[in-house]
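Inspection log for the structure reproduced underneath, given as structure tokens.
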Amino acid sequence: MKQACLTAMSVLFLLMVAGCLGSSDSTAIKQSERTMMDASRDKVNLSVAMYVTVLSVQDVYYDIVAEFEKKYPNIEVKMRFPGFEYEKFMSSRMEDHQLPDIFDTHGWSKIRYGQIVVDLSSEAWVHRLTETIRDTVMDTSGKVYAMPISEARDGITYNKGVLKKYGIAVPTTYDELIAAAEKLKADSNGEVVPFFFAATDDWSVGQFFDYFANALLMESGKAIDWSKWTQISEMFQQLIDRKLINDDVMTAKYSDIIRLFAEGKVAFAFAAPSFADEVFKYKNGTTIGIMPIPPLVAGNPPSFSGGERNTMAVWKDSPHIKEAKMLLSFFARSENLEKIEEVTKLPSGLKGTIPKHEFKADYEKYANGGILPYYDRTYLPYGMWDVICKNGVEQLAGRIVPEQFSIIMQTSAEQLMDK
């Protein structure tokens, strides 16, 4: 009986202990759930859209964001790269009033996006703005429209190995550039294409016109002189008629240039050298250079096209302005900007970085030359870039002639200005 009583008491004690433990565990679980719910409520999702088309550059952005998320685990960043559809993407978002928290102003921080971005003038990195970008992203009142990640420093990317093989010096005038192209075509028996364009990526065509519009502006001193546009179109027609461009221009993709540069089959590209790392991966030992846009009259200085390449602006109606500014400040760190410089081969828009990429010497060589803003961004209404690119392709296809191109440009500009 005594044993039975002890057993019953033991069972009762164990049940009581189990009940206490169960109550404690239940409380802990509820507390944990409340903590998770609070954390969920505190979780911030930042949306970011950038006009970055090169995969190796996108990867660096992803890496920097991952480090940011480690430092701030309550913030999740969703990066989006719409590629060459970026402007359509932003137009759609603007119409729906559903913009990303942070977005790339791609050359239009003031004119297109000026009314919908946060003033960043009080941010710690503002004093580091370079002299070459300050006026582009800041107005006379001191408002800062965007943080410049990369500055455009665009000229003609050339294949050093090809020029060396055929004994050609880097051209310093447009006439020398055409002479070099003719020599390359003749001496290589057509194996080397002097100039590469891709109609499917029509920006590569538009770039030619935008480059030399600036070169002619230096001659005329006029913002819009449509007779000069006819001259640029005639220069482009010369490349077509002399067969100094790739035969597959209407079907080629711009990404083809990676293989062609690596194989020594293309000499010049009217673009920045941001594709260089992809070429080096394809064939180690390939040598590439960057030269400024040659003047159209001997004796005039060469120049690069400058301004915004990639920026980060904050949408004024974002519910997460504080966190967006935190991400900008993180990207503004010199070590992060240097990572981007390394892959884009372009200078940062903020001082304090030490470039180490292969094109540093080329940029230093031409440091005393001019840096002119992109012509369409400065002198033409928004929307004209699309007109330039599409009609450049029309000329390639033989559907318009230079005089028609100029008329289309003038008419389109007047219509867009009226809007």
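Nothing in this text is a laboratory measurement; each read-out follows from the coordinates by a stated rule. As the structure is a computational prediction, the values presented were derived from the model and not from experiment. No Cβ is skipped: glycine too gets one built from the backbone with ideal geometry, and neighbour counts run over all protein chains shown.
Taking the square roots of 5 times each eigenvalue of the Cα gyration tensor of the stretch 101-168, largest first, gives ellipsoid semi-axes of 35, 13, 10 Å. Within the set Lys70/Lys325; Lys322/Lys345; Lys316/Lys419; Lys88/Lys419, which residue pairs have Cα atoms separated by over 21 Å? Correct reply: Lys322/Lys345; Lys316/Lys419. Largest first, the extents of the alpha carbon coordinates of the stretch 53-120 on the three principal axes equal 34, 27, 21 Å. Quick one: of Lys71/Lys365; Lys243/Lys283; Lys183/Lys253; Lys253/Lys339; Lys243/Lys281; Lys71/Lys160, which pairs are farther than 32 Å apart, Cα to Cα? Distance filter (> 32 Å) returns Lys71/Lys365; Lys71/Lys160. When the expected Rg is taken as 2.2 N^0.38 Å, what fraction or multiple of it is the alpha-carbon Rg of the chain? Dividing the Cα radius of gyration by 2.2 N^0.38 Å gives 1.30. The alpha-carbon positions of the stretch 213-289 define a convex hull whose volume is 122 Å³ per residue.
Of the GluC sites (Glu not before Pro) found in the stretch 192-275, the ones in coil according to DSSP and having at most 16 other Cβ atoms within 10 Å of their Cβ are Glu263. Could you give the angle, 0 to 90 degrees to the nearest 10, between helix 384-396's Cα long axis and the longest principal axis of the Cα atoms of the chain? Relative to the chain, helix 384-396 is tipped by roughly 50 degrees.
Each of Glu234 and Asp248 was given a label point 7 Å from its Cα along the Cα-to-Cβ line. The distance between the two points is 3.4 nm.
Couplings 3J(HN,Hα) for the stretch 109-122, derived from phi with the Karplus relation 6.51 cos²θ - 1.76 cosθ + 1.60 (θ = phi - 60°), are 4, 8, 5, 8, 10, x, 8, 10, 10, 6, 6, 9, 5, 8 Hz, where x marks Gly and Pro.
Every Cα-Cα pair in the stretch 256-364 was counted, and those over 18 Å apart are 62% of them. In deg cm²/dmol and to the nearest 500, what is the mean residue ellipticity at 222 nm of the chain if only DSSP H runs of at least 4 residues count, each as -39500 (n - 2.57), divided by the residue total? That comes out to -15500 deg cm²/dmol.
Expressed per residue, the C-alpha convex hull volume of the stretch 322-397 stands at 184 Å³. Taking every alpha-carbon pair within the stretch 252-296, the share separated by more than 18 Å comes to 24 percent.
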